[in-house]
Amino acid sequence: MKPRLQTSLGQQLVMTPQLRQAIRLLQMSTAELEVEITQAVESNPLLDWTEDAPATAGEEGPPTEAAGDAQENRHDDEGSSGDDWAPDEGPWASSGGGSFDDDDPGSAAERIAEADTLRDHLLWQLHLSHLSPRDRRIGSALIDALEEDGYLRETLAGITETLKPDMEASEDEISVVLHQLQRFDPVGVGARSLGECLRLQLAVLSEDTPGKALAMRIADGPLDRLPRSGIAGIATELKQPIAEVETAVALLRTLDPKPGAQIGELGSDTYVVPDCVVWRQRGVWRAALAGNTLPRIGIHRGYEQMIRQCGESDAGYLKGQLQEARWLLKSLEARGETLLKVTRCLIREQAGFLEFGEQALRPLTLREVAGEVGLHESTVSRAIARKYVRTPRGTLPLRAFFASGIDTEGGGEASSTAIQAMIRRLVEQENPRKPLSDAKLADLLKAAGVPVARRTVAKYREALHILSSHERVRLD
């Protein structure tokens, strides 16, 4: 054995401050992004508001509000038609307060959105996962046990008891599902302590991230003693240089100690502004960023000139602010590109949904979209979280374009949302004196090529808030 040097090539993701900023901006809603940009302009003298939002490159302008309302009215009156929803001559404009007329009651009603709770956000990911039905049942029990900040303070033994008598599951089995849940967005959810929460977030960072290994050690042990011992005390305890401990602690401070709190912070009557607009032009569905999502800030040219004229200390400060301003602008640009890339993929995959409604929604998962657009599943999840798109069918959350699937007799798949739409339609058409039972609904779906168990029909019926057959009887 002789010592020797070797070189190798490889690709790794380094979680730089710029990348962390880009990820944070990506998962923000439009309202949160507006607040973030406003605060950045107020705190950074190198940033300034611009007059107008730049146009989306490579896209013909989407329809104006009037055109959109006209088409939606036509859609409501006539149902789906083959006519194109063509854009008007005028450009899609925004002054920062939203792309639509606030005095329009129909448009305003569309923008009142139900808050996305942490439970909803996690259950949605659970149902789109590739876990078995048994593991999904365990995952659902774990999600129900989470507190608002995302921590699991219930014991695994307690989860075992909540699953009885419907299911007997060991703590080891529950632990395996918990590890899967801890990979969901937001990272760190399902942790049982602050240290575990921080370790989960550290684990997704590249091994090249400065201070990662030492930050892991601190999270594993002396984290609780950090406020009392200070950096010098922790450095002595771990026998590490103070500079390295400072780097590790700085990394820990960039993590989120309460990852669940970032979901569902807005009230139940959240006023939303669409992030994208979708329209049909010459038979092709197109998408563009709404004007309010485009950056309306730029570098203050006057200060940029001052850097060349001021003293060394002032120039250093201004150069730092200039670098931060450039990072922000680049992160905003990346956010828009990612959002648009995902939206265009969704309308390609779900053109039938846009054309005919929920009954044409095909099964689609985060993994499929991630593979199509070349992004990680967690990135796609962040890109669609609390994002909305204006379509001829109204303002919809991007989550509405996803659905889990059930095999059909024809060899394909039907989405759970499409099956719910079929159940709703069958109930609407039933004889009110003799409503369809869950078993009869299952038989009708099977005859249509969608074999679904009676209890699955009951679950979907309850999700649609449809009463049981004996409660739907009307004799009048």
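Read the figures in this text as sums done on the coordinates, not as results from a lab. All values reported here derive from a predicted model rather than from experimental measurement. Because the Cβ atoms are built from the backbone with ideal geometry, glycine has one as well, and the counts that use them run over all protein chains shown.
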Next item on the list: Report, in cubic angstrom per residue, the convex hull volume of the C-alpha atoms of region 271-350.
Entry: 119 Å³
Checklist line | Rg in Å to one decimal, and Dmax rounded to a whole Å, for region 121-202 via C-alpha atoms | finding: 11.9, 38
Check: Going 7 Å from the Cα of Val473 in the Cα-to-Cβ direction, what parts of region 432-451 have a backbone nitrogen less than 15 Å from that spot?
Finding: 432-438
Item checked: 5 angstrom amide H check on Ile297, placed H, neighbours 5+ away -> Thr50
Next item on the list: Find the all-direction average of the projected area of the Cα convex hull for region 331-408, expressing the result in square nanometres with one decimal place.
Entry: 5.4 nm²
Next item on the list: Write down Rg/Rh for region 173-246, rounded to two decimals, with Rg from the C-alpha atoms and Rh from the Kirkwood relation over Cα pairs.
Entry: 1.04
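Given a Förster distance of 45 angstrom, what is the FRET efficiency for Arg225 paired with Arg20, based on the Cβ-Cβ distance and rounded to 0.05?
The computed FRET efficiency comes out at 0.95.
Quick one: length gained pulling Glu207 to Glu42 fully straight, 0.36 nm per residue minus the C-alpha distance?
Gain on stretching Glu207 to Glu42: 55.8 nm.
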Next item on the list: Taking 7 Å along the Cα-to-C-beta vector as the label spot, tell me the Leu426-Glu368 distance in nanometres, rounded to one decimal.
Entry: 2.3 nm
Notebook entry, point to check: Scattering from the C-alpha atoms of region 272-403 alone, worked out with Debye: what is log10 I(q)/I(0) at q = 0.11, 0.12, 0.14 1/Å?
Noted result: -0.50, -0.56, -0.68
Check: P(r) of region 153-296 in 10 Å steps, Cα pairs, percent per bin?
Finding: 9, 25, 23, 22, 16, 5, 1
Check: In terms of the ratio Rg/(2.2 N^0.38 Å) built on C-alpha atoms, what value belongs to region 331-476?
Finding: 1.23
Notebook entry, point to check: Dividing the alpha-carbon radius of gyration of region 302-345 by 2.2 N^0.38 Å (N being the number of residues), what value is obtained?
Noted result: 1.71
Checklist line | Stretchable slack from Ala447 to Glu147, in nm (0.36 nm times residue separation minus alpha-carbon distance) | finding: 103.7 nm
Next item on the list: Would you mind getting me the FRET efficiency between Leu238 and His465? Use the beta-carbon distance for r and R0 = 56 Å, nearest 0.05.
Entry: 0.50
Item checked: Using a Förster distance of 25 Å, the FRET efficiency for His179-Arg454 (Cβ separation, nearest 0.05) -> 0.15
Notebook entry, point to check: By average Cβ neighbour count within 10 Å, what is the ranking of 201-209, 120-128, 465-473 from highest down?
Noted result: 120-128, 201-209, 465-473
Next item on the list: For Ala315 and Thr50, compute 0.36 nm times the residue count separating them, minus their Cα-Cα distance, and round to one decimal in nm.
Entry: 93.0 nm
Note to self: Based on the alpha-carbon set only, what is the convex hull volume of region 227-267 divided per residue, in Å³?
What the structure shows: 76 Å³
